[in-house]
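J.: This is the structure, below, for whatever I ask next.
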Amino acid sequence: MSIPEVPRRSWIQRWHVKGIAVTGLLLVLLVASSRMTGVDVGMFFSNFGQFLNLLVRMSHPAWEYTNVIVQPLLETIQMAILGTTIGAALAVPFAILSASNLIHNRFLRGLTRLFLDLVRTLPDLLLAAIFVAVFGIGSTAGVVTLAIFSFGMVSKLFYEVIETIDMGSLEALTSVGASKVTIIWYAVLPQILNQFVSYFLYTLEINVRASTVLGYLGAGGIGVFLQRSLNEFNYSQTAVIILATLAVVLVIDGISNHLRRVLL
Amino acid sequence: MITTLIEKPSRSIWQRWRWLLWVVVIGALYDWTISGLKFTGLQESAGVVSRSIMAGLVHPQWSYVYDGSGEDLVSLILQTLAIAFLGTIVSAVISVPFAFWAARGDHERFFVRSGSGKVVLTLIRTFPEIVLAIMFIKAVGPGSYAGVLAVSIHSIGMLGKLFSEAIENMNRGPEEAIVSAGGRSGQVFGLATLPTIMPEFFSYTLYRFEIAVRSASILGMVGAGGIGTPMIFAIQTRNWPKVGIILLGIVIMVLLIDSLSEQLRKRLI
């Protein structure tokens, strides 16, 4: 009778070389980055009073300010809807071009994906700062920013959806000699439409959140008022703006979550 | 031969014409959207400005890349990465208790504990990071320290949510095994819960680091350190060659970090 051998552990496994090395590397990086950023824990606690004072002033919201910010809040939602729509509409052709099951030209696909990756690297506020310089202060800059921002995000989500579709109906149409456009219209579109709408709503949620701060750099919406109240050290107004933004975000999230549940 | 026809399922009027309702609702929504926005007041110089931006992007100011002053592109990009790294690590540590607070338990009644945790996490998530940065600047002065604090607090909202979902969906087998072998609750946590959940926590932390890099690069726009500060100055002074080189730096940094983190995450799970 053979005795099953006890599994042996190598030297590296026994002394947890990998784990210790990773931990050491993390510690070195932590120390280096805290040096570089000048972190001073003591300072935070010695100045904690000021921070607390700010919070206390924020905890007395100036409710009468609500009337002033209703209009800019609505403008923010309008910016988000329009920006997301433009971005999603632009994203559809790019998503089709970068889906590996529809486009077999590897070079074209790689080029499109590289372009989308590049677009996605740019943070929203950075885009806003540039478009405010181009279009001037106002909601146009915000809409363009959100359009480009959501274009990058939606196109990736869309082509991942396209890549997961069932190819059977495509083959069926191809075998009866349908054209590319016919195939997309009758075989691809019905399979992906619900997911597209779902991702569109998801992007809209993110854009509503993003659009509330875009105005900080002059790109319209509630952010303009946020910046004004912060500059005037009027923190009771800031609190109202943040609370109102929170309410709007929660309502939009609720609507979009409900719609997505109905769709999927 | 079977000749009976299968009857077509009849649809009520509501089902048949429901799409029309959606068309009307969506049409009204877009009508409201477009009517509310004012597209007037476009700068006449938009064309000129965008042309000079393009020119600046094509001819970046290469001398800014490194000049040893500590205010050049490379040092500031490193500083941005340091802000993101430190903020993410701190928030990952703080997020763990929040996650256990917000994770729905099996024997919980009415979900009071987990529900309250979820509400707190939503509140943190919705609080704008920029405002947080401005508040911390008031507390610790302008600079990257404020950025670190803003990133570490803001990230709790998302990391706590992802962590708590990981806890809710985790495999309970190892925990039960330790319990049935007579382990105490501390042993269950240390020997079963943590090892099971750790890879997912690491993976989410890496993912959050990618996002933190992006936000650390814009926090400087309000004075919280990193590459954002010279960026906003360059945009305000219309110094497009400098904007070009900074944009290039940010794009390369984000691409590198994203691919690195993706590789690591693939290995983790």
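Residue-by-condition table, conditions (1) farther than 25 Å from B:VAL131 by Cβ; (2) facing chain A (nearest Cβ under 9 Å); (3) surrounded by fewer than 21 Cβ atoms within 10 Å (Cβ to Cβ); (4) among the hydroxyl-bearing types (Ser, Thr, Tyr):
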| residue | (1), (2), (3), (4) |
| --- | --- |
| B:ARG214 | no, yes, no, no |
| B:GLN236 | no, yes, yes, no |
| B:ASN239 | yes, no, yes, no |
| B:SER261 | yes, no, yes, yes |
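J.: Do any helices (runs of 4 or more DSSP H) entirely within segment A:1-111 hold 1 or more residues that are under 30 Å from B:ILE34 (Cβ atoms) and in contact with a Gly (Cβ under 8 Å, 6 or more places away or on another chain), and if so, which? Even if it seems obvious, please write down each step before you answer.
T.: On the way: elements: A:11-14, A:17-36, A:41-46, A:48-58, A:66-97.
Here the list reads A:66-97.
J.: B:LEU194 fails exactly one of the following numbered conditions: (1) within 14 Å of chain A (Cβ to nearest Cβ); (2) touching a residue at least 12 places away in the same chain (Cβ under 8 Å); (3) surrounded by fewer than 16 Cβ atoms within 10 Å (Cβ to Cβ). What is the number of that condition?
T.: (2)
J.: Go through segment B:4-34 and give me each residue that's charged (D, E, K, R) and more than 30 Å from A:SER139 (Cα to Cα).
T.: Within segment B:4-34, B:GLU7, B:LYS8, B:ARG11, B:ARG16, B:ARG18 meet the criteria.
J.: Evaluate the following for B:SER69: is it of a type in the set (Ser, Thr, Tyr) and in a helix (DSSP H, G or I)?
T.: It is false that B:SER69 is of a type in the set (Ser, Thr, Tyr) and in a helix (DSSP H, G or I).
J.: Another question, then. Restricting the first residue to segment B:146-171 and requiring it to be closer than 24 Å to B:SER116 by Cβ, which pairs with a second residue that is of a type in the set (A, V, I, L, M) and not in a helix (DSSP H, G or I) meet a Cβ separation below 6 Å and a spacing of at least six or different chains?
T.: Listed pairs, sorted by first residue: B:SER164/B:ALA103; B:ILE167/B:ALA103; B:GLU168/B:ALA103.
J.: As an exercise: evaluate B:ARG113 against (1) away from every other protein chain (no Cβ under 14 Å); (2) of a type in the set (Lys, Arg); (3) closer than 28 Å to A:ASN47 by Cβ and give the number of the one condition it does not meet.
T.: Tallying (1) away from every other protein chain (no Cβ under 14 Å); (2) of a type in the set (Lys, Arg); (3) closer than 28 Å to A:ASN47 by Cβ, B:ARG113 fails exactly one: (3).
J.: Is there a residue in segment A:249-263 that is more than 17 Å from B:VAL131 (Cα to Cα), touching a residue at least 24 places away in the same chain (Cβ under 8 Å) and at the interface with chain B (Cβ under 10 Å from one of its Cβ atoms)?
T.: yes
J.: Which residue, of A:SER256, A:SER236, A:SER198, is more than 19 Å from the chain's Cα centre (by Cα), surrounded by fewer than 22 Cβ atoms within 10 Å (Cβ to Cβ) and of a type in the set (Ser, Thr, Tyr)?
T.: Working: A:SER256 fails: more than 19 Å from the chain's Cα centre (by Cα); A:SER198 fails: more than 19 Å from the chain's Cα centre (by Cα).
Only one candidate passes the filter, namely A:SER236.
J.: Quick test for you: out of B:ARG16, B:ARG51, pick the one residue that is within 14 Å of chain A (Cβ to nearest Cβ) and either over 24 Å from the mean Cα position of the chain (by Cα) or on the phi > 0 side of the Ramachandran plot (or both).
T.: B:ARG51
J.: Among A:GLY136, A:GLY152, which is the only one that is within 14 Å of another protein chain (Cβ to nearest Cβ), of a type in the set (Gly, Ala, Ser) and without any contact (Cβ under 8 Å) to a residue 24 or more places away in the chain? It would help to see each step written out before you state the result.
T.: Numbers: A:GLY152 fails: without any contact (Cβ under 8 Å) to a residue 24 or more places away in the chain.
The conditions single out A:GLY136.
J.: I need a count of the residues in segment A:170-220 that are more than 30 Å from A:THR140 (Cα to Cα), of a type outside the set (Val, Ile, Thr) and out of contact with any helix residue (DSSP H, G or I) (no Cβ under 7 Å at 6 or more places or on another chain).
T.: Result for segment A:170-220: 11.
J.: Run B:LEU159 past the list (1) away from chain A (no Cβ under 14 Å); (2) more than 26 Å from A:LEU246 (Cβ to Cβ); (3) in contact with a Phe, Trp or Tyr (Cβ under 9 Å, 6 or more places away or on another chain) and report the number of the one that doesn't hold.
T.: It is condition (2) that B:LEU159 fails.
J.: In the list B:ARG214, B:ARG265, B:ARG238, which residue meets the criterion of being part of a loop (DSSP other than H, G, I, E, B), touching a residue at least 24 places away in the same chain (Cβ under 8 Å) and in contact with a helix residue (DSSP H, G or I) (Cβ under 9 Å, 6 or more places away or on another chain)?
T.: On the way: B:ARG214 fails: part of a loop (DSSP other than H, G, I, E, B); B:ARG265 fails: part of a loop (DSSP other than H, G, I, E, B).
Step by step, each of B:ARG214, B:ARG265, B:ARG238 is checked, and only B:ARG238 is part of a loop (DSSP other than H, G, I, E, B), touching a residue at least 24 places away in the same chain (Cβ under 8 Å) and in contact with a helix residue (DSSP H, G or I) (Cβ under 9 Å, 6 or more places away or on another chain).
Yes/no matrix, rows are residues, columns are (1) farther than 25 Å from B:ILE232 by Cβ; (2) surrounded by fewer than 21 Cβ atoms within 10 Å (Cβ to Cβ); (3) aliphatic (A, V, I, L, M):
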| site | (1), (2), (3) |
| --- | --- |
| B:SER45 | no, yes, no |
| B:SER63 | no, yes, no |
| B:LEU73 | no, no, yes |
| B:LEU76 | no, no, yes |
| B:LEU86 | no, no, yes |
| B:GLU108 | yes, yes, no |
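J.: Among the residues of segment A:168-195 satisfying the criterion of being touching a residue at least 12 places away in the same chain (Cβ under 8 Å) and more than 30 Å from the chain's Cα centre (by Cα), which is farthest from A:ILE69 (Cα to Cα)?
T.: Checked segment A:168-195; the qualifying residue farthest from A:ILE69 (Cα to Cα) is A:ALA172.
J.: Assuming B:LEU5 fulfils every condition listed in (1) within 14 Å of chain A (Cβ to nearest Cβ); (2) in a loop (DSSP other than H, G, I, E, B); (3) without any contact (Cβ under 8 Å) to a residue 24 or more places away in the chain apart from one, which condition is it?
T.: (1)
J.: Is it fair to say B:VAL96 is at pLDDT 90 or above, within 15 Å of B:TYR145 (Cβ to Cβ) and either more than 17 Å from the chain's Cα centre (by Cα) or part of a helix (DSSP H, G or I) (or both)?
T.: no
The values are calculated or read from the model by the stated rules, or taken from the named source; none is laboratory data. Because the structure is predicted, anything quoted here is derived from the model rather than measured. Because the Cβ atoms are built from the backbone with ideal geometry, glycine has one as well, and the counts that use them run over all protein chains shown.
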